Amino acid sequence: MRLKKSKNTAEEELIILLNKGYHILNWLKADYSEKRRGDSFNSAVDYQKYGDVVNDWGREVINTLNSIFPTELEANQFLYPLHKFGLIAAETQDDYKAASLRVRLDNLLKGLNEIRRDSLPRYTDLPITTRLYIEDIDSFAKARDVNPAVISHLLQPGGYLDIAEDVVQIGLEKILNEPFHKKDWGGEDNDLYTSNVIVNGIRRATAFLLKGNGLRVNSMEIKHCGKNGDQLLRLFDSLAELFVVQFVGNVSEAVIKDVEGKADQLRAKGKPACYCIINGQDTARLLHAYSLL
């Protein structure tokens with residue numbers, strides 16, 4: 001059976017929920033202890049508040065699990081974890097209620113982590129779509145944590161990153177552990193070719209067309225990709241499954257449509273083909289994520 005979301009996205013969402021759950025667990029312990037010490041604990045109010053917070057988190061987990069997995073199996077496994085309560089030592093009934101809620105949450109967290117660790121690998125990942133974004137590429141995983149606002153100060157108006165093509169190429173080679181540096185001579189099929197790119201856990205032969213600040217325009221059009229766009233034609237002649245077009249500024253819709261059309265033509269012939277567009281903002285996010293800016 002197939003997941004409803006990619007495994008990468010699913011795992012990230014589950015990790016976020018796990019961290020949120022552990023934050024709640026720590027808060028339950030700290031808030032209860034502080035109020036007990038200060039003699040300000042109100043059982044009628046605080047138990048209800050604690051339960052509401054845990055239940056809200058639990059509902060969020062259920063909704064997320066149902067958005068990831070094809071059946072309700074994992075949601076039911078989460079609700080009924082195998083972990084037992086065991087013995088809870090408590091001096092008063094109030095202490096027992098507080099401790100029981102914390103143990104219940106701890107069991108739910110352990111069960112959720114088991115689902116993340118053991119259930120995700122059992123399912124088939126989503127098929128690769130024609131267009132990928134840098135977040136979809138395992139080899140660029142660190143860029144997922146870089147919000148565009150983090151690198152906004154590096155960009156000129158219009159999202160232009162003023163760096164040379166060679167800086168981008170060397171940065172990509174470092175990220176991908178590609179030992180061979182291809183020198184730019186103008187007639188090549190691609191600027192960078194590597195089999196080190198990982199997508200959905202599988203290596204994919206990848207061809208890059210790279211454009212830096214030598215182009216001296218804010219938006220890359222087809223006319224900037226060689227004579228009548230012949231660089232794009234040559235790019236798709238590469239023996240690759242993934243075709244990446246990168247520019248330090250904006251990539252025009254005309255270029256994107258042309259690239260998508262070429263990828264669709266290959267797929268219509270039964271060949272695996274997908275593409276990724278990396279504009280100036282994503283170039284900055286990617287290089288920043290790997291400390292290359």
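The values are calculated or read from the model by the stated rules, or taken from the named source; none is laboratory data. Quantities reported herein were computed from a predicted structural model and do not represent experimental measurements. Every residue, glycine among them, receives a Cβ derived from its backbone with ideal geometry; neighbour counts consider all protein chains shown.
Residues of region 121-131 include at least one that is of a type in the set (Phe, Trp, Tyr) and either in a loop (DSSP other than H, G, I, E, B) or under 27 Å from residue 66 (Cβ atoms) (or both).
Being closer than 15 Å to residue 113 by Cβ, out of contact with any Cys (no Cβ under 8 Å at 6 or more places or on another chain) and modelled with pLDDT of 90 or more is a description that applies to residue 16. Residues in region 249-293 that are among the hydroxyl-bearing types (Ser, Thr, Tyr) and farther than 20 Å from residue 235 by Cα: 290, 291.
Scanning region 19-39 for residues that are surrounded by 16 or more Cβ atoms within 10 Å (Cβ to Cβ) and either of a type in the set (Asp, Glu) or closer than 26 Å to residue 64 by Cα (or both) yields 21, 24, 25, 28, 31. Of 210, 155, all but one fail to be in contact with a helix residue (DSSP H, G or I) (Cβ under 8 Å, 6 or more places away or on another chain), within 18 Å of residue 224 (Cα to Cα) and not charged (D, E, K, R); the exception is 210.
Does residue 162 meet the test of being assigned to a loop (DSSP other than H, G, I, E, B) and not hydrophobic (A, V, I, L, M, F, W, C)? For residue 162, the condition - assigned to a loop (DSSP other than H, G, I, E, B) and not hydrophobic (A, V, I, L, M, F, W, C) - is met. Against the condition more than 28 Å from residue 36 (Cα to Cα), over 17 Å from the mean Cα position of the chain (by Cα) and buried (at least 18 other Cβ atoms within 10 Å of the Cβ), how does residue 155 come out, does it pass? Answer is yes for this residue. Report, by residue number, each residue of region 5-52 that is basic (Lys, Arg) and in contact with a Leu (Cβ under 8 Å, 6 or more places away or on another chain). Residues satisfying the conditions are 5, 7.
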